[in-house]
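Below: the structure, in structure tokens.
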Amino acid sequence: MGMIRYLKKKIINIQTNMKSSQLFFSVIFSSLLFVACVSAESEMLKQARTIQNELLSQVTSLDSSMSARLGVLNEERGVMSADTTMSTDSLKMQQFMMMKEKIDNLSNLQSSLTDWKSNLKLLPSVDEMGSGAENPFGEKAKDQEILQEIKKSQEDFNALKMKADAAMK
């Protein structure tokens, strides 16, 4: 009889220890799961960041291309303006005026690109958001709304890029 009580107490102790360990591991697992969910980014935000990064790369590339093209056009205009026969040759004068108009147009488009970029809402990085950076789309902005706004920015850029590409020809 004493042995049965002893075994029952042992079994109860083992069950209590198992319940304690199960509780401990449940709490640890739940905490890890919570941290993973809080720090994980939704697929829509990942897509928005990818689009944003590609967009910024394209903006930089387009701005560089426009600057290079403006440099070439300004050189050509400089050569044209040094031509002493331009004042008597109406065809050369017309070409010079067309060159000037082309430079002005491209320069205005580059200014538009710069203005567009300065007004662009940029999604903060994951680290910046983790350290408390403000979301420029609003604190209550949903992932879908952020993605749509970034896609709209991409469309606006593509329209501007088409104009710039045409002006650089």
Applying the selection to the range 46-98, what residues are of a type in the set (D, E, K, R) and within 39 Å of the chain's Cα centre (by Cα)? 46, 49, 54, 63, 69, 75, 76, 77
Close pairs (8 angstrom Cβ cut-off, 6 or more residues apart or separate chains): in the same structural domain as residue 106 (by TED's automatic domain parsing) in the range 70-86, exposed (fewer than 10 other Cβ atoms within 10 Å of the Cβ) and not hydroxyl-bearing (Ser, Thr, Tyr) anywhere: none
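Return the only residue of 32, 62, 56 being touching a helix residue (DSSP H, G or I) at 6+ places or on another chain (Cβ under 8 Å) and either at pLDDT below 95 or assigned to a helix (DSSP H, G or I) (or both).
Step by step, each of 32, 62, 56 is checked, and only 62 is touching a helix residue (DSSP H, G or I) at 6+ places or on another chain (Cβ under 8 Å) and either at pLDDT below 95 or assigned to a helix (DSSP H, G or I) (or both).
May I ask you to list the residues in the range 65-107 that are assigned to a helix (DSSP H, G or I) and more than 30 Å from residue 157 (Cα to Cα)?
First, the residues of the range 65-107 that are assigned to a helix (DSSP H, G or I): 65-82, 90-107.
Across the range 65-107, the qualifying residues are 78, 79, 80, 81, 82, 90, 91, 92, 93, 94, 95, 96.
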If you go through 48, 82, 133, the only one that is surrounded by fewer than 12 Cβ atoms within 10 Å (Cβ to Cβ) and farther than 18 Å from residue 162 by Cβ is 82
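Being of a type in the set (Ser, Thr, Tyr) and touching a residue at least 24 places away in the same chain (Cβ under 8 Å) is the filter here, so list the residues in the range 45-69 that pass it. Step through it out loud before you land on a result.
Pass one, the range 45-69, residues of a type in the set (Ser, Thr, Tyr): 50, 57, 60-61, 64-65, 67.
Once the filter is applied, which keeps residues that are of a type in the set (Ser, Thr, Tyr) and touching a residue at least 24 places away in the same chain (Cβ under 8 Å), the range 45-69 yields 65, 67.
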Expected single match for farther than 30 Å from residue 51 by Cβ, small (Gly, Ala, Ser) and surrounded by fewer than 14 Cβ atoms within 10 Å (Cβ to Cβ) among 90, 118 is 90
Pairs under 8 Å by beta carbon, first residue under 14 Å from residue 114 (Cα atoms) and in a helix (DSSP H, G or I) in the range 148-169, partner of a type in the set (Phe, Trp, Tyr) and at pLDDT 95 or above, six or more apart or different chains? 156/116; 157/116; 160/116
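The values are calculated or read from the model by the stated rules, or taken from the named source; none is laboratory data. Predicted model only: the values in this text are computed from it and were never measured. Note that we place each Cβ from the backbone using ideal geometry, even for glycine, and neighbour counts take in every protein chain shown.
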